[in-house]
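Participant: If you scroll down you'll find the structure; I have some questions about it.
The values are calculated or read from the model by the stated rules, or taken from the named source; none is laboratory data. Bear in mind the structure is a predicted one, so any value in this text is a computation, not a measurement. Note that we place each Cβ from the backbone using ideal geometry, even for glycine, and neighbour counts take in every protein chain shown.
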Amino acid sequence: MDSSKLDEGTAYGKPAGTCRSELTLVTAGTPGGEYLRRYWHPVGLASDATSRPKPVRVLGEDLILYRDGRGRPGLVYPRCIHRGTSLYYGRVEDRGIRCCYHGWLFDVEGRCLEQPCEPDAGRKIRDRMRQPWYPVVEQYGLIFAYLGPAERKPALPRYDLLEDLEQGEFLEADDSSIGSGGAVIVPCNWLQHFENVMDPFHVPILHGSFSGPQFVEQMALMPEVSYATTERGAKCLQVRKLEDGNIFNRITEVVMPTLRLVASPRVTKYARAASIGWVLPIDDTSFRIYVTGRVRKAGELRESTSRYEGKRWIELTTEEHQRLPGDYEAQTGQGTITFHSEEHLASSDRGVSLVRRVLKEQIDIVKSGGDPMGVSHAADAPMVRTEAGNFIADAETAPRQ
Amino acid sequence: MDSSKLDEGTAYGKPAGTCRSELTLVTAGTPGGEYLRRYWHPVGLASDATSRPKPVRVLGEDLILYRDGRGRPGLVYPRCIHRGTSLYYGRVEDRGIRCCYHGWLFDVEGRCLEQPCEPDAGRKIRDRMRQPWYPVVEQYGLIFAYLGPAERKPALPRYDLLEDLEQGEFLEADDSSIGSGGAVIVPCNWLQHFENVMDPFHVPILHGSFSGPQFVEQMALMPEVSYATTERGAKCLQVRKLEDGNIFNRITEVVMPTLRLVASPRVTKYARAASIGWVLPIDDTSFRIYVTGRVRKAGELRESTSRYEGKRWIELTTEEHQRLPGDYEAQTGQGTITFHSEEHLASSDRGVSLVRRVLKEQIDIVKSGGDPMGVSHAADAPMVRTEAGNFIADAETAPRQ
Amino acid sequence: MDSSKLDEGTAYGKPAGTCRSELTLVTAGTPGGEYLRRYWHPVGLASDATSRPKPVRVLGEDLILYRDGRGRPGLVYPRCIHRGTSLYYGRVEDRGIRCCYHGWLFDVEGRCLEQPCEPDAGRKIRDRMRQPWYPVVEQYGLIFAYLGPAERKPALPRYDLLEDLEQGEFLEADDSSIGSGGAVIVPCNWLQHFENVMDPFHVPILHGSFSGPQFVEQMALMPEVSYATTERGAKCLQVRKLEDGNIFNRITEVVMPTLRLVASPRVTKYARAASIGWVLPIDDTSFRIYVTGRVRKAGELRESTSRYEGKRWIELTTEEHQRLPGDYEAQTGQGTITFHSEEHLASSDRGVSLVRRVLKEQIDIVKSGGDPMGVSHAADAPMVRTEAGNFIADAETAPRQ
């Protein structure tokens, strides 16, 4: 070997990759987990809470969701406080859920109402015992839960775009992870998806020259992009000059902690976004997306799911997944939690950097005892106003940021 | 939010659960594991020991069970002491088992009889080598093994109820985990099952109002219950006053270390228990049950297995397992090893507490160098007398404890 | 119990087994891993490098193999240095491989050629970035890679037996792990297979009296065996006196680091070995074998695979695998990494001991900064001469070592 021509840049000696755990971990006690626990998160469709106990996994916690005979949804720690048997095997009754093993009955707030094997049904002792539970509220066709400290529980926010319905519109909720580009449960950290919302540059590549054009002609153009923080998160303006001289302005938004506001990339009309997606971190290495949107006919939300050479994602062969990657492949292809230490962020990644910076700031605020962005304790807090959408304008009237 | 009405008792901040590892762990070197290693345990049916080496797992140890050509059962460490190849691939011969790789031959006590690739078949060196083995004895249709220190090996006990056979009765052994309420191998710690034997209160709930009545009318009544230790373990007396004025007395027993003496809950007749179940801890997180009982026709033992809406357990759908839980669901529903730190034991749990106390005492005795309850080193030790059964009496002649 | 007759040699109290990790571990940073990284290893057939990116695992490293449009094979770290998406989803182009997410393009040596979302395709920044890669060379129908430090990269050796082809012979490469005795990927440490090459005594047992005779009559005779180190590894001479008075001399060789030179045990003719097997450690607990050999018709190599009672290995039932074990069963039967602490090596294991000693010496040489056996940095290094084969001789002319 000519030692003057050594191989450069080989993988030998490459340090092991590391991730920014302060941003990515979601379990209780971690900085990110505590931050996420200052907000309400969807844990199911309203129709998931029934008389059949349903296991759900949220922020790394296994819980049981049900609805008592009086119509109240309940979300409880699965292990019965008596002897630990799972309330998955419990029976839902009028007043709550009853453990199968010795019949202790708990209401939706964890109060123990009956201990049938104890003298007088446990009247003397049962009030001192409480099944761990979490508060839940129904809204927009979803069940939202708050897994944080009681004294920090915020009001459940309302969003303009799901409130100001037009004639003939109604709200539809969906739990199939619309927007994930693939499976309902996506086996990677939630942030890999969330930061993608502020990454408009992958659209002409991944969804364009690689596996597309998956969307419409307008979207395949490389846009001019600018970013800004908002009082609720961050936004990204993508400006494309169309052939007819008009300006196509597209705004996507992330709203803290996990909301994606992305107007249809199919641009069937120029209008504000018609739906909100809540990215739910199931645990450190998987997430799913709940969506509620304005529709004019039932099932409309799910119709917008991508096709690949005419096939649905679930129908693709291994070879086709490899040849026609989408968001699912790109994001799970980063590993269960990506190695931030190995990244080389460039100018087109400013949106990703911005999301991480906002996230880091909010985590630090929670660490220092404050309330993070978007949290309000006032029951009469104003509706959250959003900007996301696809808009058309002539050059003079283009929106500014 | 009205801060004067904070949510109370939510799951936020709940400490991680812990288990009493000194009671539950079964591997060598743990307190519970050393205690269990002072007794004989069943490792298979007598018919499991054949010329085909059979892998068995007992107290966390993987072993090979076989029967040599002379009819002697053998139980050996699987890795051949020569080069480590598993004796699972060995060939059983007249004098023992031969490793497939280089042909070393061992007898049922681990002596090396041949090393065919060595000069003179290894005559000069083979006597210094020994394949690790355990002593086994056949009794009651089962093969019992002793995995403890040689100097503490007890006599193998005999039990009255399997000895005093009536005309027409014979003994039948079964390895299908009768009494587990489900699968042959149950994926949770053995103690979750064992302590259940002393928990008569779950019967009217789990087997009654939930998934039953699985048994007979008498059993569905809530009993008066008393408990006592015995010289071999502990017992539980359940007294039910029947409509005809008679008293139904049911006694269940645990005999240390793992024996369950439970008369048929179907109460086809009033009589002493007809079978013994040995709960075998496979490892820390799974167990199985071997049963030997007196029967009048072959297959009778297994006929007593529970039905759920006419179906056998194996035939239930996921939804039916959830809706019709039995012992299997209740006990595996406590997790692989339950979190004792989260329990709230009440007066109806005195039997469970008693089992744990007796167990703890025996473990402590072993720790301090003594022989635990029920261990006898005398070959002519008296037969163990038991009390379990279903008995009928008028009020005056009811048994007392 | 008669305490004067205590059980001896039981498994109770046996210490936990341990392995010689310095010999067996293959990942970067371990002594064995660094030693192995001073040699070229096969990572696929030449035909495995195509326009479809192929994941390969070598010495515990996950890599992507492909061939660019100009015919150059490339082997790269899978995570794109931009944002970490796997190049498994990349598109192979004329000049290299392009990541699906944002389109960065890398050549086979990891140079970044394009960043389409950056100004001017990243011209200002891309030269400072390099996708980790490894050098590869095609030879003998295989793709060899060098995963070690650049300044130590040796010349790729050539071997006489694959160079001096006779009239009508050509080279054939195979990736089905011929010689493993079983599956393509064998789930145990590579050394368990490699040392077996220097263990001629298992042949009359495992392949003879147990599951055979799998080979020919001559092989079933117990040989006289001698061993020696060579300048490239170690060899083993097995001398068998045939009935006709002739001497059958069989030489098997290991060539460092992982080459097995084993003439056909079917002895269709007396001749030097016709193939080389490279044992590729996939990771600490699995390996596969690439073979290149001289053949006269396509597919000839794989025809030599063993049959068991007429069946191919893959067709055997569980019971037949147990009753008819071969190398696969014997070696995986030692566990994923055998416990060297429990071995009892004897005189017939001198070949195994020799392989380990040579291996240990080479590892120590690498540790002290030297080049291990067989490494040459001269492009014009002489061809490696080998000795393996089946040879016939009358008693006077038998080869000597």
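Participant: For region C:49-77, which positions are within 14 Å of chain A (Cβ to nearest Cβ) and outside any strand (DSSP E or B)?
Facilitator: Answer for region C:49-77, where residues must be within 14 Å of chain A (Cβ to nearest Cβ) and outside any strand (DSSP E or B): C:T50, C:S51, C:R52, C:P53, C:L59, C:G60, C:Y77.
Participant: Let me ask something additional. Go through region B:218-264 and give me each residue that's β-branched (V, I, T) and either assigned to a loop (DSSP other than H, G, I, E, B) or closer than 19 Å to B:G208 by Cβ (or both).
Facilitator: B:V225, B:T230, B:V239, B:T252, B:T258, B:V262
Participant: Is it the case that some residue within region B:15-27 is modelled with pLDDT of 95 or more and in a strand (DSSP E or B)?
Facilitator: Looking for residues that are modelled with pLDDT of 95 or more and in a strand (DSSP E or B), one finds none in region B:15-27, hence no.
Participant: Scan region C:243-263 and tell me whether some residue there is touching a residue at least 60 places away in the same chain (Cβ under 8 Å), more than 15 Å from C:G389 (Cα to Cα) and within 14 Å of chain B (Cβ to nearest Cβ).
Facilitator: No, region C:243-263 contains no residue that is touching a residue at least 60 places away in the same chain (Cβ under 8 Å), more than 15 Å from C:G389 (Cα to Cα) and within 14 Å of chain B (Cβ to nearest Cβ).
Participant: Within region A:13-29, can you find the residues that are out of contact with any helix residue (DSSP H, G or I) (no Cβ under 7 Å at 6 or more places or on another chain) and within 26 Å of A:E343 (Cβ to Cβ)?
Facilitator: The answer is A:G13, A:K14, A:P15, A:A16, A:S21.
Participant: Turning to a different aspect of this structure: Give me the residue from region A:344-366 that is within 14 Å of chain C (Cβ to nearest Cβ) and aliphatic (A, V, I, L, M) and, out of that set, surrounded by the fewest Cβ atoms within 10 Å (Cβ to Cβ).
Facilitator: Among those residues, the one meeting the criterion is A:L345.
Participant: I'm trying to understand the selection: among the residues of region B:367-397, which are within 14 Å of chain C (Cβ to nearest Cβ) and either part of a helix (DSSP H, G or I) or over 21 Å from B:L161 (Cα atoms) (or both)?
Facilitator: Selection gives B:D371, B:H377.
Participant: Here's a follow-up. Could you run through region C:186-209 and say how many residues are over 14 Å from C:Y328 (Cα atoms) and either facing chain B (nearest Cβ under 10 Å) or part of a loop (DSSP other than H, G, I, E, B) (or both)?
Facilitator: Here the count works out to 7.
Participant: Something else about it: Go through (1) in a helix (DSSP H, G or I); (2) buried (at least 19 other Cβ atoms within 10 Å of the Cβ) one by one and return the number of the condition C:S341 breaks.
Facilitator: Condition not satisfied by C:S341: (2).
Participant: Still on this structure, please answer the following. I'm trying to understand the selection: among the residues of region C:28-48, which are part of a strand (DSSP E or B) and closer than 30 Å to C:R356 by Cβ?
Facilitator: C:W40, C:H41, C:P42, C:V43, C:G44
Participant: Further question on the same structure: Which condition does B:H82 not pass, out of (1) part of a strand (DSSP E or B); (2) within 9 Å of chain C (Cβ to nearest Cβ), if it passes all the others?
Facilitator: The failed condition is (1).
Participant: Checking the conditions here, which among C:G335, C:G299, C:G326 is of a type outside the set (S, T, N, Q), on the phi > 0 side of the Ramachandran plot and within 14 Å of another protein chain (Cβ to nearest Cβ)?
Facilitator: Of the residues listed, the single one that is of a type outside the set (S, T, N, Q), on the phi > 0 side of the Ramachandran plot and within 14 Å of another protein chain (Cβ to nearest Cβ) is C:G335.
Participant: Can you tell me which condition A:I314 does not meet? The list is (1) out of contact with any helix residue (DSSP H, G or I) (no Cβ under 9 Å at 6 or more places or on another chain); (2) surrounded by 22 or more Cβ atoms within 10 Å (Cβ to Cβ); (3) more than 26 Å from A:Y159 (Cβ to Cβ), and all the others hold.
Facilitator: A:I314 satisfies every listed condition except (2).
Participant: Got a sec? Which of A:G44, A:G29 is buried (at least 20 other Cβ atoms within 10 Å of the Cβ) and under 23 Å from the mean Cα position of the chain (by Cα)?
Facilitator: The unique qualifying residue is A:G44.
Participant: Return the residue satisfying two criteria in turn: it lies in region A:82-99 and is in contact with an Asp or Glu (Cβ under 7 Å, 6 or more places away or on another chain) and free of Cβ contacts under 8 Å to residues at least 24 places away in the same chain, and of such residues it is farthest from B:T318 (Cα to Cα).
Facilitator: A:R83
Participant: Based on this model, can you work out whether B:P281 counts as more than 27 Å from B:C19 (Cα to Cα) and under 19 Å from the mean Cα position of the chain (by Cα)?
Facilitator: no
Participant: Report the residue count in region A:230-251 for those that are in contact with a helix residue (DSSP H, G or I) (Cβ under 6 Å, 6 or more places away or on another chain) and β-branched (V, I, T).
Facilitator: Within region A:230-251, residues that are in contact with a helix residue (DSSP H, G or I) (Cβ under 6 Å, 6 or more places away or on another chain) and β-branched (V, I, T) number 1.
Participant: Taking region C:151-162 on its own, how many of its residues are at the interface with chain A (Cβ under 7 Å from one of its Cβ atoms) and farther than 21 Å from C:P281 by Cα?
Facilitator: So the answer is 1.
Participant: Further question on the same structure: If we keep just the residues of region B:369-383 that are under 23 Å from the mean Cα position of the chain (by Cα) and more than 25 Å from B:P31 (Cβ to Cβ), which is modelled with the highest pLDDT?
Facilitator: B:M383
Participant: On to the next question. Which residues, taken from region A:275-297, are more than 20 Å from A:E329 (Cα to Cα) and either of a type outside the set (A, V, I, L, M, F, W, C) or at pLDDT below 95 (or both)?
Facilitator: A:S275, A:T292, A:G293, A:R294, A:R296, A:K297
Participant: While we're on this one: Suppose we filter A:G168, A:G182 for residues that are within 16 Å of the chain's Cα centre (by Cα), in a loop (DSSP other than H, G, I, E, B) and away from every other protein chain (no Cβ under 11 Å); which single one remains?
Facilitator: None of the other options fit; the residue is A:G182.
Participant: Just a yes or no: is a residue in region B:134-145 assigned to a loop (DSSP other than H, G, I, E, B), under 22 Å from B:G71 (Cβ atoms) and touching a Lys or Arg at 6+ places or on another chain (Cβ under 8 Å)?
Facilitator: Yes - at least one qualifying residue is present in region B:134-145.
Participant: Same structure again: Given the criteria more than 10 Å from chain C (Cβ to nearest Cβ), buried (at least 19 other Cβ atoms within 10 Å of the Cβ) and at pLDDT 95 or above, does B:L87 qualify?
Facilitator: no
Participant: Write out, first by first residue and then by second, each pair whose Cβ atoms fall under 9 Å of each other, whose residues are 6+ apart or on separate chains, and whose first residue, in region B:105-131, is over 20 Å from B:P53 (Cβ atoms) and facing another protein chain (nearest Cβ under 7 Å) while the second is surrounded by 19 or more Cβ atoms within 10 Å (Cβ to Cβ) and of a type in the set (S, T, Y).
Facilitator: Close Cβ pairs (under 9 Å, with a partner that is surrounded by 19 or more Cβ atoms within 10 Å (Cβ to Cβ) and of a type in the set (S, T, Y)) amount to B:C117/C:S348; B:E118/C:S348; B:P119/C:S348.
Participant: Can you pull out the residues in region C:91-103 that are in a loop (DSSP other than H, G, I, E, B) and facing another protein chain (nearest Cβ under 9 Å)?
Facilitator: C:C99, C:C100, C:Y101, C:H102, C:G103
Participant: Which of the residues spanning region A:115-129 are outside any helix (DSSP H, G or I) and surrounded by fewer than 18 Cβ atoms within 10 Å (Cβ to Cβ)?
Facilitator: Within region A:115-129, A:P116, A:R123, A:K124, A:I125 qualify.
Participant: Would you point out which residue out of B:L142, B:L147 is of a type outside the set (G, A, S), within 16 Å of B:V76 (Cβ to Cβ) and under 17 Å from the mean Cα position of the chain (by Cα)?
Facilitator: B:L147 is the lone residue from the list that is of a type outside the set (G, A, S), within 16 Å of B:V76 (Cβ to Cβ) and under 17 Å from the mean Cα position of the chain (by Cα).
Participant: For region A:315-342, how many residues meet the condition of being free of Cβ contacts under 8 Å to residues at least 60 places away in the same chain and either β-branched (V, I, T) or over 22 Å from A:S180 (Cβ atoms) (or both)?
Facilitator: 2
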